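I have placed the structure first, in the form of structure tokens, so that the comments after it can refer back to it.
The values are calculated or read from the model by the stated rules, or taken from the named source; none is laboratory data. Just so it is clear, the structure is predicted and the values come from calculations on it, not from any experiment. Glycine gets a Cβ as well: all are built from the backbone with ideal geometry, and neighbour counts include every protein chain shown. Accessible surface is based on the protein model in full, side chains and every heavy atom, while ligands, DNA and RNA are left aside. Shrake-Rupley method; radii C 1.70, N 1.55, O 1.52, S 1.80 Å.
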Amino acid sequence: MSGTEQTAVFSAFFAAYCDQVFADYDKLPEKTNQRLAAQQLGIPQSTLNKLLKSRNEISNCTESQNRKRKRESKSKATDEALFMWFKQASAMNAPINRSILMTKANDLAKKMGKINFNATDGWLTRWKDRHDIVYKKLHGEKQDADASGADSWIKTTWPTDLNKYGPENIFNLDETGLYYRATPDYCMVLKNAPASAGKKNKARITVALTCNMTGVKNLPVDYFSTINAWMTSFIFESYLRKWDSTLDYKIALILDNCTAHPNFSLKNFELVFIPPNTTSLIQPLDQGIIKAFKTFYRSDMRRQIIDAIDDGQGNGNDIATNMTVLQAIHMSHNAWMKVTTSCIVNCFKKSGMVPITTNEALALDLPDVPVNISGLQIDKETFNEWLDVDKDLEVFQVMNDDEIAAEIVSHKEQGNDVEVHDEDEVEYAEDRVPVTRSEVFNAINTLRRAIEEHDIGTNYFDTLNNLGHIMMVSIPKKQGQITDFFKST
């Protein structure tokens, strides 16, 4: 080996060694002193001191050799805050350049108390590499840019992920806002009678729906409460980490680039982010799955309102106003169960994520979900207006710099800012009285009589008996006092 070759090998070895030391150093807590850092890295403190003093020169040297290595940022909070701001700005089609990013990074760092931070060209380059951000020329028309970007991603980027995972291991997750108490704006009245308009009820929840390419839906319900009923990055991360802990195989999860979807590492997940402003074109859930879910939800709500009116429980608006979050969760779950496998599979095809033949493409238009449920009619125009009442409802917060900084700092200091509930902890009406054993017994007997009288089918008796047994075991008996046996008569 010539002297030149030996020098090249040594340079490559030294560069790799320095990169590893810097990467391990960056993973240490920010306030770790050099002595302790050297001990944890297993190198003399004098060596670490020299390397850190020459870090800029060493980094410039390795960058000039095109060694693009993704590593943890020393200023991780600033890194995360800038990425959150970038995704939010991109979603609003704001033009962003290098100068804007560096200025914004410094602003966010100061708001988080990082007074010694200064965004350099090298830091920004590494930040871009960590988050796979590139510069692209702006197009004149937003719609053309969206279609072009979506088509390019489907043809060039997506095939790699498609070949890496089987269809059963490719999932899509998306959120939708739901006015769970909203009723139709119009009603049928006699020609000369006044229509009593009820105020549109804007009580809301955010529903996150998840399904895979074969039509399988993620069914367990997790309930989180926040002040504004928005999805947050902490709820999202908590949900995925819980799901990840149940898996023993790898899956890909397709996501949009909203600020509530941080990019982080999981043992069994690969997070696949579609390009900004392409969700309406290539996100499967936006191709008709969410619409089908809401159609079933509002069809079920309409049926319940009519049944309640027939039973003399009040008008539609009064009945809807008394609906609890728990009822909305049950109705959402039932609506999601009714979305068909074929609907989900067709929407994945419609998005372009599943290769299709020319003949298949002709049959991809999804039929409208019937609005005639149990013989109850509503005109199509009114139903569609009701269906779209929360179509554009925000599901995540558009934050200013102070709010971004506060959220990142809060996450690091407190770990979480949301309350997580089991289903039986969800909101009840304030005056709700616990159901007693005798009420359960009477209800089971009433259902048994109804089955007999209406000749519904004896095969339901076993199910009813099992349910009665479970309920009676689950509800504790009221404990009597010994003095009860000696009451005076």
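Compared with the direct C-alpha span, the chain from residue 130 to residue 147 gains 3.5 nm at full extension, assuming 0.36 nm per residue. Here the calculated FRET efficiency for residue 313 and residue 40, from their Cβ-Cβ distance with R0 = 60 Å, stands at 0.35, rounded to the nearest 0.05.
Sorting 230, 153 by accessible area (1.4 Å probe), largest first, what list results? Walk me through the numbers on the way to the answer.
Numbers: 230 65, 153 20 Å².
Sorted descending by solvent-accessible area, the residues read 230, 153.
For residue 249 and residue 473, the difference between the fully extended length at 0.36 nm per residue and the C-alpha to C-alpha distance is 76.9 nm. Here residue 223 and residue 121 are evaluated by their C-beta separation; at R0 = 30 Å the FRET efficiency comes out at 0.05. Using the Cβ-Cβ distance between residue 280 and residue 202 with R0 = 22 Å, the FRET efficiency computed as 1/(1 + (r/R0)^6) comes to roughly 0.35.
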